[in-house]
1. Shielding by partners for A:34-44, please: the mean number of other protein chain Cβ atoms within 10 Å of each residue's Cβ.
2. Calculate the mean, over all residues of peptide A:22-28, of how many other protein chain Cβ atoms lie within 10 angstrom of the residue's Cβ.
3. Ordered by packing density, taken as the mean number of other Cβ atoms within 10 Å over each peptide's residues, highest first, how do A:217-225, B:76-84, A:241-249 rank?
4. Working only with C-alpha atoms, what are the Rg and Dmax values of the protein assembly as shown, expressed in angstrom?
5. Starting from the 7 Å offset along Cα-to-Cβ, what nm value, one decimal, do you get for the label separation of residue B:87 and residue A:309?
6. Arranged by the count of other C-beta atoms within 10 angstrom, fewest first, what order do A:299, A:143, B:90 take?
7. Pop the C-beta distance of residue A:177 and residue A:49 into the FRET formula with R0 = 56 Å and round what comes out to the nearest 0.05.
8. Taking the Cα centre of each part, how many Å lie between the stretch B:80-98 and the stretch A:3-68?
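Every number in this text was worked out from the coordinates using simple rules, so none of it is lab data. Since we're looking at a predicted model, the values are computed, not measured. Here the Cβ positions follow ideal geometry from the backbone for every residue, glycine too, while neighbour counts run over all protein chains shown.
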């Protein structure tokens, strides 16, 4: 039967997250009672009625609770963020890989390697032929497909090394363009390199040797599916003479994140499927990147109020879509199974 | 490695201890300078367990309560030995410098 002293201490322990109490509460209570009780029934009865956790004891539990709720090492919150980050990195690399597939298709079409595929417009073929930079562009684009596939298959180290190498030519091209004064827009190309190249490569450190591998099959299937879903509508707009409706790349990112949020919203709001919080958190991360990209590239259109309005509309739509999954993202911690915080020997 | 973690590992180096046993041992080892509160102790234990430096040894009933005993893992022994070496080397440097600066050494 629990004593008053025990009940008072357990009340303080309610500050701690549920997953932590499940693992450690009993032992903490036992240690706390050990620190008070003497083994003499009369004395212990008096202590139990009169004593309670002091200010320093309460402060130590409160400090532990703050660390655990904020997500210290080994906590589920940290675990959830790491998992969401890995998925977001895979999603960004998927975009790179889809762009790479587009380059491959372009090369196949321009060199007439597959007879039934229509040749691209002659102007495009002329503009994209020859030159070291163009060759480097082709090579890097195809390398992103390899990076995405190797990462999805769990070959983290290979993917990390290739990705670190793949962002170098783009940086060199930017520096060259900056030096020669032929930069097409003031910030856009640099933001692309920082947000879409550099940040994901740095974030690939989340794929460490202890990181659980992602299920490769859905990610690998997402590559052809992503190409068809993205380039199908784009090519249709071009073919029907509606190229004016084509979004720029940052606008396309906002639209893709918005569509993903809308597709995920029913699951996120139903809370039926375990683990949905992680996808919501992933989408919030992706929205942060796409939003930052969209805001900075507004400067490319300072002389065109119409395009500014279109860009702001894309941003607004994405924010609205993200709002649908944001509450679920906040619950990602609860939806994530805790990593084993307790030694296996306990169960032996 | 924090001072508290160092003392907890040192306490466990002598053999398995339960939670309150560690508190007592740490107070003794530190000559009363480190008095762990239970919340602080379990913050340290949780981190050490997550890093694989300690593990559960056994549970024993005592006055109707289950006491859980903890022990060092092989990694825990290694980490403690490394930390002890580092602290000893630092202490040697400190003693040498203080020796050079003391009036006795100067005079």
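1. Rounded to a whole number, the mean comes out at 2.
2. Neighbouring Cβ atoms belonging to other protein chains average 5 per residue here.
3. B:76-84, A:217-225, A:241-249
4. Rg, Dmax (Cα atoms, Å): 30.0, 98.
5. Computed distance between label sites residue B:87 and residue A:309 equals 7.0 nm.
6. B:90, A:299, A:143
7. 0.10
8. Computed from Cα coordinates, the inter-centre distance equals 37 Å.
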